[in-house]
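Undergrad: Can you read through this structure? Questions will come right after.
The values are calculated or read from the model by the stated rules, or taken from the named source; none is laboratory data. What you are looking at is a predicted structure, and each value in this text was computed from that prediction instead of being measured. Neighbour counts are summed over all protein chains in view; Cβ atoms, including those assigned to glycine, are modelled from backbone coordinates with ideal geometry.
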Amino acid sequence: MRSAQEKDPPALAPEAAEVLQAATRVLAGVALRSLEALDHAVSLPQFRLLAVLADLGPVPSGQTARTLGLDPSTVTRLADRMVVAGHVARGTEPQHRGVVTLELTASGRDLVAAADAWRRRELARILARLAPAEREAVTTALGLLVGAAGDDYGITASRPVPL
């Protein structure tokens, strides 16, 4: 239940909604195409696991599941495939031998870095189509949007990503 001080956000103007939806499609397309650039070495769910591990470092598998908003058994199955592929290593916490940890191997780090490099090149190619002042305006506007979203979005959001 909301407190008396909380208010509904203002309605989004239809033009703003459309341009934000279009930008979301473009950015999602860049992200998905970066996986194609990896010669389909991993699926999108597998890459999400790798990206979370790249951000968090060695981490208990339960925390990985919470961060991804997935059931622990789903993360175990994803991790099993990534261990077999050589992209993830399993370990245990020294103080709690029963806690399974996950971390990227060099191969996993290379995949995440390759996808990131491809995305940066592709975004630079897209932005190069704009005049310098337009590039600056886009960068400023997107920076404001990221700041307004806060910590609730992104791979390692403070709240799990809804399924």
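Undergrad: Filter segment 25-38 down to the residues that are in a helix (DSSP H, G or I) and among the small types (Gly, Ala, Ser) and list them by number.
TA: Ala28, Gly29, Ala31, Ser34
Undergrad: With the condition kept exactly as written, say whether any residue in segment 21-38 is modelled with pLDDT of 90 or more, closer than 22 Å to Ala115 by Cα, more than 15 Å from the chain's Cα centre (by Cα) and acidic (Asp, Glu).
TA: yes
Undergrad: So which of Ala16, Ala4, Ala41 is within 30 Å of Ala124 (Cα to Cα), modelled with pLDDT under 95 and in a loop (DSSP other than H, G, I, E, B)?
TA: Ala41
Undergrad: Listed residues Glu103, Glu93; which is of a type in the set (D, E, K, R), over 19 Å from the mean Cα position of the chain (by Cα) and farther than 24 Å from Arg33 by Cβ?
TA: Every option except Glu93 fails the conditions.
Undergrad: Consider only pairs whose beta carbons are under 9 Å apart and that are at least six residues apart or on different chains; among these, list those whose first residue lies in segment 138-155 and is modelled with pLDDT of 85 or more and whose second residue is assigned to a loop (DSSP other than H, G, I, E, B) and of a type outside the set (Phe, Trp, Tyr).
TA: What qualifies is Val138/Leu130; Val146/Gly154.
Undergrad: Quick one: count up the residues across segment 63-88 that are out of contact with any helix residue (DSSP H, G or I) (no Cβ under 6 Å at 6 or more places or on another chain) and of a type outside the set (A, V, I, L, M, F, W, C).
TA: Selection size over segment 63-88: 10.
Undergrad: Check Val42 against each of (1) in contact (Cβ under 8 Å) with a residue 12 or more places away in the chain; (2) loosely packed, with under 14 Cβ neighbours inside 10 Å; (3) closer than 17 Å to Val88 by Cβ and name the one condition it does not meet.
TA: The single condition Val42 does not satisfy is (2).
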